[in-house]
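See structure below.
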Amino acid sequence: MRISTIGVLFAVASILSDAQAQTPLISAPSGAKTLAATLKVYAFPGAGQSSAQQSQDETECYTWGVKETGNDPFHIATQAAEQQQQAAQQQQQAQQSTSGSAIKGAVGGAAGGAIIGAIAGNAGKGAAIGAGVGAIGNSVRAKSQANQASQQAAQQAQTAAHMSAAKMNDFKKAFSACLEAKKYTVKY
């Protein structure tokens, strides 16, 4: 029984070996994204192009798209990130200036209140009232200015995001047109 089992195993192994030799090997995807996929542009080789040829075509079309549109997608993303960081810094600066304004208002109000209080006969009470009024007035004014600055920064960030999206869309159109001319089916 052992001899026949071993014989069957050799026969099966021989058949599998012959089948593998006749079947073309299908390589598994390498896991690396293509240039087009990185840009969220999906290109299917319509004329049987190899992956190496597709990579070369995508590189050529990328270069052509940058030249035609003046937009490099990798620089667009960097610029958008920098603009968002600047907007965040402007908002933070506006919020920090709010607390400083309240202190300045209190000092100025106290000085004015002391003068008025001195005329009225109680400089200390006048200074205390003036400090409170000055702090509140400057705090409200500073908050209003901070809100305006914050809204302006948010609007600038939104405008920059729209411009970045438009630049990216223009590039993708050019990139896709080039790939389509090279017989790829393209969607983005």
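Details
- Annotation note: Cβ proximity below 7 Å between a residue of segment 147-168 that is more than 30 Å from Glu68 (Cα to Cα) and a residue that is part of a helix (DSSP H, G or I) and among the hydrophobic types (A, V, I, L, M, F, W, C) (sequence gap 6+ or interchain) occurs for Ala149/Ala94; Ser150/Ala94; Ala153/Ala87; Ala154/Ala87.
- Among (1) modelled with pLDDT of 50 or more; (2) assigned to a helix (DSSP H, G or I); (3) surrounded by 10 or more Cβ atoms within 10 Å (Cβ to Cβ) - the single one Ala43 does not satisfy: (2)
- Of the criteria (1) surrounded by 14 or more Cβ atoms within 10 Å (Cβ to Cβ); (2) modelled with pLDDT of 95 or more, which one Ile136 fails: (2)
- Any chance Ala174 is touching an Asp or Glu at 6+ places or on another chain (Cβ under 6 Å), modelled with pLDDT of 75 or more and closer than 20 Å to Gln49 by Cβ: yes
- Verdict on Leu35 being at pLDDT below 95 and touching an Asp or Glu at 6+ places or on another chain (Cβ under 6 Å): yes
- Gln20 passes every criterion in (1) modelled with pLDDT of 55 or more; (2) loosely packed, with under 14 Cβ neighbours inside 10 Å apart from (1).
- Members of segment 58-79 found to be of a type outside the set (Ser, Thr, Tyr), at pLDDT 95 or above and within 13 Å of Ala36 (Cα to Cα), listed by number: Glu58, Glu60, Cys61, Gly65
The values are calculated or read from the model by the stated rules, or taken from the named source; none is laboratory data. Owing to the predicted nature of the structure, the values given are computational and were not obtained by experimental measurement. No Cβ is skipped: glycine too gets one built from the backbone with ideal geometry, and neighbour counts run over all protein chains shown.
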